[in-house]
1. Neighbouring Cβ atoms within 10 Å as the yardstick, rank 182, 172 fewest first.
2. Count the net charge of all other residues whose Cβ sits under 11 Å from the Cβ of residue 196, scoring Lys and Arg as +1 and Asp and Glu as -1.
3. At what distance in nm do the modelled label points of residue 91 and residue 163 sit from each other, each positioned 7 Å from its Cα along Cα→Cβ?
4. Give the whole-number value, in cubic angstrom per residue, of the convex hull volume spanned by the C-alpha atoms of region 102-227.
5. Using 7 Å Cα-to-Cβ label points, what is the residue 16/residue 1 separation (nm, one decimal)?
6. Using 0.36 nm per residue, how much length does the chain from residue 66 to residue 113 gain when fully extended, once their Cα-Cα distance is taken away?
7. Give me the percent relative contact order of region 158-221, please, defined on Cα pairs under 8 angstrom at least 6 residues apart.
8. Can you give the extra length, in nm with one decimal, that the chain gains between residue 188 and residue 212 once fully stretched, where that is 0.36 nm per residue apart less the Cα-Cα distance?
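Bear in mind these aren't lab numbers, they're just calculated from the coordinates by the rules spelled out. Fair warning: this is a prediction, and the values are worked out from it, not measured in the lab. Reconstructed Cβ throughout: ideal geometry from the backbone, glycine too, with neighbour counts over all protein chains shown.
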Amino acid sequence: MKSLLIAGNWKSNKTLNETEDWLEQLQLKWVTAGINWPNVKLILCASFTLLYFLNQKIKQLGLPLSLGAQDVSPFGDGAYTGAVNARQLQELAQWVIIGHFERRKYFGETDELLAQKAGQAKRAGLKVIFCVPETTTPVPENIDVVAYEPVWAIGTGKSDTAENAGSVMATIKKQTRATSVIYGGSVVADNIARFVAQPAIDGVLAGTASLAPETFFALIVAAMTTS
Ligand code: PGA
């Protein structure tokens with residue numbers, strides 16, 4: 001069985017209280033199910049405001065979750081009011097999502113800016129999940145994971161077919177030489193197994209399905225028991 005990466009992207013959701021509830025409920029499910037799957041890597045990508053607490057609580061509960069941020073400053077230390085830089089972030093997270101379509105669309109982030117962010121993240125030792133909506137989107141050098149997310153599939157409940165995603169992602173893998181390529185866009189427990197069964201697909205990036213502990217847990221179970 002191949003190794004899988006399952007990343008949850010909470011986007012701009014959750015308070016500290018809601019985060020605590022989510023973790024406690026997930027842990028209950030985890031312990032009850034007595035799960036030990038060494039070949040799945042779980043990453044939770046959350047708002048900056050939650051990362052310190054998430055770190056503490058994940059340790060306390062013994063959950064097998066790594067943490068990711070959803071953005072990083074294109075600059076280092078200095079006079080950049082409001083920015084969280086990669087050196088600050090690496091104290092709280094191992095991963096960062098860069099280039100998500102929502103950053104490109106709502107925050108006007110360009111390919112050039114995203115390459116600058118990726119450079120900052122890599123220099124600080126963070127691992128990067130770099131999102132691309134299509135095969136022609138530029139991917140900076142030394143990216144750890146590329147996430148293919150067709151725009152029309154994000155948050156719509158209409159995922160790509162596993163076959164099409166698999167063939168697009170085989171092309172992306174060849175072009176970028178990324179070690180892992182994951183699929184994002186309306187991934188749920190009912191379709192995850194079809195995606196991860198494709199040879200070029202190494203995992204998923206799930207938004208909506210990561211928001212409730214039940215649906216996130218169901219994703220993991222469906223991926224691990226049917227692939
Ligand atoms: P979705 O979001 O699972 O809700 O489609 C995926 C993403 O935007 O990363």
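1. Going from sparsest to densest Cβ surroundings: 172, 182.
2. +1
3. A separation of 5.2 nm, rounded to one decimal place.
4. Working: hull volume 14.2 nm³, N = 126.
Here the figure is 113 Å³ per residue.
5. The two pseudo-label positions are separated by 3.8 nm.
6. 14.3 nm
7. It rounds to 34 percent for region 158-221.
8. My answer for the length gained is 7.5 nm.
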